[in-house]
Each structure stands twice: as structure tokens, then as C-alpha cells.
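Every read-out reported here was derived from the displayed coordinates using simple, explicitly stated rules and does not represent laboratory data. From a predicted model like this one, the values you see are computed outputs, not experimental measurements. Cβ sites come from the backbone with ideal geometry, for glycine too, and all protein chains shown count toward neighbours.
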């Protein structure tokens, strides 16, 4: 998506101007930004809206990546990012972003509109292994399974190849239920 189609409040237009344009039907709200009403809201558009929050050396993950890949209509209240480079980085702290300092392999990262995002399979795997700490990720798993068919099965295969992962038993059970429901 060309950056000219993304209207971030305060850059080219103020929040009141964008709100007026939304009321008039010229733009629609996507995450923290606005796009022309006739532009299709796809993963590249959603990724563009979180570009300012996902810093260099990190990738959008968990609920944020699920939303970018098409899970649900609204973005998560708090975004998530993981390190995707070998070296340690000093994240810019924000109340809007949770930074997870575990490295994601390059094979599990894709770039959408210039923003690093975990692949749908890796996103499902991360959500499944987070389930034991935060049961609120279960609806995101279900929405991601609808948006990206086949991800529960692929994530289950990837999880079975891993050893000593916290939350793997509960995550595996949830992935099996999702895979059965989708058949």
C-alpha cells in the first residue's frame, strides 16, 4: 500500500479533520489510522497502521499479528512485538506495546508494507503457547483459524517438533480442538 493512502492523525490532517472526513464517508478507521473508504483493508493496510509501534529489529506478534493477518475487525488494545534480530535491542517503552525479548527465527517473519510480522503459523504457535498464562488469546486463535485456514494444523506440527516449551500441553490441546472444528 502506498503511504499516501494512509492518514495518521496529526501528520497531514488533524484528528478533528479525519473525524469529519469519516462522518462524511470519505475515510474509514483502521486501527490508529484512516484510509480512503474505497480502499480494501488487507494485511498490508493493517500492518501500515502499526508501523510506528513496531520498531526496527522487532516484529509484530501474538494478537497484533493475528489482527494483521485478518483475525477480527478491531485491533488489540495493546500491541505485541518480539525481537527478530540476533543482538539484544533496547526497546522504546510504551504503554501501547508489550515487548517480548525472545528471538523469532527469520523463517517465521514476513514483511508486509515494510513492517515485520510473524507468519500466520508462527502467530498461531505463539498464541497457543501463551494460552496457559492468558486465556484471553483463545478468541484470537479462533479468529486466526478462520482467517488463515490450516494454521492450527501447521502450528500443531511445529509445536510437536519443539521440546520443553512452557504451555505446550494446553496449547497443543487447544490447537487440536481448533483443527477438529475446522474439518
Taking the convex hull of the Cα atoms, report for the stretch 31-81 its projected area averaged over all directions, in nm². 3.4
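Provide 55, 90, 169 in ascending order of the number of other Cβ atoms located within 10 Å of each residue's Cβ, fewest first. Provide the component values of the computation, followed by the final result.
On the way: 55 17, 90 8, 169 11.
Fewest-to-most ranking of 55, 90, 169: 90, 169, 55.
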Quick note on 11, 153, ordering by fewest other C-beta atoms within 10 Å, gives 11, 153
Pairs of Cα atoms under 8 Å, at least six residues apart: use those to get the relative contact order of the stretch 127-181, whole percent. 49
Förster radius 41 Å - calculated FRET efficiency between residue 15 and residue 173, Cβ distance, rounded to 0.05: 0.40
Just how far, in whole angstrom, is the stretch 43-71 from the stretch 157-183 if you go by their alpha carbon centroids? 24
Note on the stretch 74-128: the mean projected area of its alpha-carbon convex hull, in nm², is 4.5
With each run of n ≥ 4 DSSP H residues scored as -39500 (n - 2.57), what mean residue ellipticity at 222 nm is computed for the chain after dividing by its residue count and rounding to the nearest 500 deg cm²/dmol? -11000 deg cm²/dmol
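Counting only C-alpha contacts under 8 Å and six or more residues apart, can you give the relative contact order of the chain as a whole percent? All intermediate terms of the calculation are to be shown ahead of the outcome.
Working: 293 pairs, mean separation 32.0, N = 183.
It comes to 18 percent, rounded to a whole number.
When only C-alpha pairs under 8 Å and at least 6 residues apart count, what is the relative contact order of the stretch 37-134, in percent?
Working: 146 pairs, mean separation 31.5, N = 98.
Relative contact order comes out at 32 percent.
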Against the 2.2 N^0.38 Å rule of thumb, the C-alpha Rg of the stretch 61-154 sits at a ratio of 1.02
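By counting other Cβ atoms within 10 Å of each Cβ, how are 148, 84, 61 ranked from fewest to most?
On the way: 148 19, 84 22, 61 31.
Going from least to most buried by this count: 148, 84, 61.
Using the scaling law 2.2 N^0.38 Å as the reference, what is the normalised Cα Rg of the chain?
Details: Rg = 17.0 Å, N = 183, 2.2 N^0.38 = 15.9 Å.
Against the compact-globule rule of thumb, the ratio is 1.07.
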The value for the stretch 114-183 (convex hull of the alpha-carbon atoms, volume per residue, Å³) is 91
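Rounded, prolate or oblate: pick one for the stretch 8-111, where a ≥ b ≥ c are the square roots of the eigenvalues of its C-alpha gyration tensor, a/c under 1.5 means rounded, and failing that, prolate if a/b is larger than b/c, else oblate. Don't skip to the answer; put the middle values down first.
Details: a/c = 2.63, a/b = 1.90, b/c = 1.39.
The shape class here is prolate.
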Which FRET efficiency, nearest 0.05, do residue 160 and residue 111 yield, Cβ-Cβ r, R0 22 Å? 0.20
